[in-house]
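Read through the structure below, which is laid out as structure tokens, and then see the notes.
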Amino acid sequence: MLTISAQAIKPLTCKTDCLVLPVFSGKHISHHTTGVLASLINQLKKRGDIEGNVGDVLLLPHVESITADRLLLLGAGDDKPLTRTQYLTLLGHIAEQLAKMKAHDAVLLLDEIAVEGHDIAWCAERAAQKLLNSTYHFDTLKKDKKKNALKKLIWHSDKADKAITQALVTGSAIAAGMALTRELGNLPGNVCTPSYLAEQAQHMAKQHKNLSTKVLDEKQMHTLKMGSLLSVSAGSDQPAKLVVMDYAGGKKNAAPIVLVGKGITFDTGGISLKPGAGMEEMKFDMCGAASVLGVMHTISTLQLPINVIGVMACAENMPSGGATKPGDIVTSMSGKTIEVINTDAEGRLVLCDALTYVERFKPAAVIDIATLTGACVIALGNHASGLYSNDETLGEKLFDAGMQVEDKAWQMPLWDEYQQQLKSPYADIANVGGRNAGSVTAACFLARFTENYPWAHLDIAGTAWNSAGSHKGATGRPVPLLVRYLIDASKK
Ligand code: BES
Ligand code: MN
Ligand code: ZN
């Protein structure tokens, strides 16, 4: 496991596999650049080997008369602060280079890099999050495991600085929560079943004080009249589970923030069967639930002074003789009846009952997280999660949190006009509203069940995993956004 800590470092005489140093293109010269380093960098700049522009990377495998084994130089631009994106790209280059050279440890002399609108603690937190997260690989189910060489990072800090130390702890805890979310997302549907997710939550409760887990089985859900949730698992041999994690870090009587995750461990579409091509990706349909688990891990590790309840609504969506059919009408826990026009719109069916269930906690706010609609991917692509809220302040806070940690969400409308699309001649509401505005009408469906508390919905269909490329697989989003929001909330 990789760790990161703060320490004051002497660049010329420290022993490390790799010294990471910024080179500025403007007048500014890093105060770490003294002695042999100063003349070396002057020479490199003169020869044009590195100019110091953002994006420049130069690895020197050996430098005479310094004790570090390698020197990694990174362009840090002219004397202007970097944009958030530039800084994160720079961190990406560091991660890439350290992995390639198989360094065991590295020293980061990044304390002079300024980022627009952020302080140095933010920079340290992002470095911890990004560099630790970059060492995650999914090889749990491979015979040969890939070992990470990198074990230890040091963030240079002139003086013992509490804010920096805390930032590194926070960034590391976010990365750990993301790793858990990614791991569960990447596990296939035959391993990661509703029961498996429930076990993970129970296991986690044993590791942290202040955290307890309760698992409701189908019999208990039946007693609670969760006819909508149970209609989704009806076609599956895997029983549904409603997992309730209670983190009590705040004042005893303080109203909790409730997170509700969609936990469809595999979505075939049910009787409204999905096309075969790409269906394997529907193992990721529990990434909302996995992000709830990831966040619970992070906040328990950080011992945030806040009360949070994490709920995972878990089921498998399968076709069978017992499966729910198009046209079936089910009764939700709220008492509202639902005409199931399309059994592939199952996420909202499990969520609506979970959202009614959480009323009992008298929540300060409820946020659900779901890989809910393909339409959201069409609308926003892979860059932003869809954000909906019935409460302006809550919507703004979540938007801001996403921007702060570069885990963006973009607000979409919940206007009444869209509710018309969910009318049913046979039941109180239909579970689909046609092709137009598919992400919006899905959110509108949930809004019918969340009138009694401030609520927000994150549609993470486009952000929870990458379909291709070198980063194929679960991303760990929106753990950073949610943790940022909860840290801010815990300060009030
Ligand atoms: N899990 C899917 C949504 C999804 C699809 C996420 C592709 C990511 C990529 C969800 O259960 C679903 O099937 N939604 C349907 C809704 C439709 C039937 C109204 C969809 O988006 O097609
Ligand atoms: Mn579906
Ligand atoms: Zn689904």
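If you count, for each residue, the other Cβ atoms within 10 Å and average over each peptide, how do 284-292, 312-320, 378-386 line up from highest to lowest?
Ranking the peptides 284-292, 312-320, 378-386 by packing returns 284-292, 312-320, 378-386.
Fully extending the segment from Leu273 to Arg435 would add 56.6 nm, taking 0.36 nm per residue of separation and subtracting the current Cα-Cα distance. Amide H contacts under 5 Å for Asp391: Trp455, restricted to partners 5 or more places along the chain or on a different chain, H placed in the peptide plane at 1.01 Å from N. Once the Cβ-Cβ distance between Ser65 and Leu141 is put in as r, and R0 is 35 Å, what FRET efficiency do you end up with, to the nearest 0.05? The calculated FRET efficiency here is 0.15. Give the shape of the stretch 146-231 as rounded, prolate or oblate, defined through the alpha-carbon gyration tensor: a ≥ b ≥ c are the square roots of its eigenvalues, a/c under 1.5 means rounded, and otherwise the shape is prolate if a/b is larger than b/c and oblate if not. Prolate, since a/c reaches 1.5 and a/b exceeds b/c.
Each Lys and Arg Cβ is given +1 and each Asp and Glu Cβ -1; about its Cα centre, the chain then shows a dipole of about 1120 debye.
Judged by the gyration tensor of its Cα atoms, with axes a ≥ b ≥ c, the stretch 343-464 is oblate; a/c meets the 1.5 cut and b/c is at least as large as a/b.
Rounded to the nearest 20, the Cβ-based charge dipole of the stretch 234-347 about its Cα centre (Lys and Arg +1, Asp and Glu -1) stands at 520 debye. A full extension of the chain between Glu451 and Ser5 corresponds to an added length of 156.0 nm, given 0.36 nm per residue minus the alpha carbon distance.
For the chain, what is the accessible area per residue in Å² when the probe is 1.4 Å? Don't jump to the answer; show the numbers that get you there.
On the way: 20950 Å² over 492 residues.
I get 43 Å² per residue for the chain.
The apolar share of the surface of the stretch 146-190, taken as the fraction of accessible area on carbon and sulfur atoms (1.4 Å probe, ligands and nucleic acids excluded), comes to 59 percent. Distance between the C-alpha centers of the stretch 330-349 and the stretch 68-91? Whole Å please. Using only Cα atoms to place each centre, the spacing works out to 51 Å. Each of the peptides 352-365, 139-152, 391-404 was scored by the mean count of other Cβ atoms within 10 Å over its residues; in descending order, highest first, they stand as 352-365, 391-404, 139-152. Taking 25 Å as the straight-line reach from the Cα of Lys145, the lysines in range (excluding those fewer than 8 positions away in the same chain) are Lys100, Lys102, Lys130, Lys283, Lys472. Shown here for the stretch 42-138: trypsin sites (Lys or Arg not before Pro) in loop regions (DSSP other than H, G, I, E, B) with at most 14 other Cβ atoms within 10 Å, namely Lys102. Of all the accessible heavy-atom surface of the stretch 333-443, with the other protein chains kept in place and a 1.4 Å probe, what percent is carbon and sulfur? Using a 1.4 Å probe with all protein chains present, the stretch 333-443 comes out at 50 percent carbon and sulfur. With N as its number of residues, the chain has a Cα radius of gyration that, divided by 2.2 N^0.38 Å, comes to 1.05.
Over the stretch 1-97, with every protein chain in place, what whole percent of the accessible area is carbon and sulfur at 1.4 Å, could you tell me?
Roughly 54 percent of what the probe reaches on the stretch 1-97 is carbon or sulfur.
The values are calculated or read from the model by the stated rules, or taken from the named source; none is laboratory data. Computed from a prediction, not measured in an experiment: that's the story for all the values here. Cβ: placed from backbone, ideal geometry, glycine included. Neighbour counts: every protein chain shown. Just so you know, the surface numbers come from the protein's heavy atoms only, side chains and all, with ligands and any DNA or RNA stripped out. Shrake-Rupley method; radii C 1.70, N 1.55, O 1.52, S 1.80 Å.
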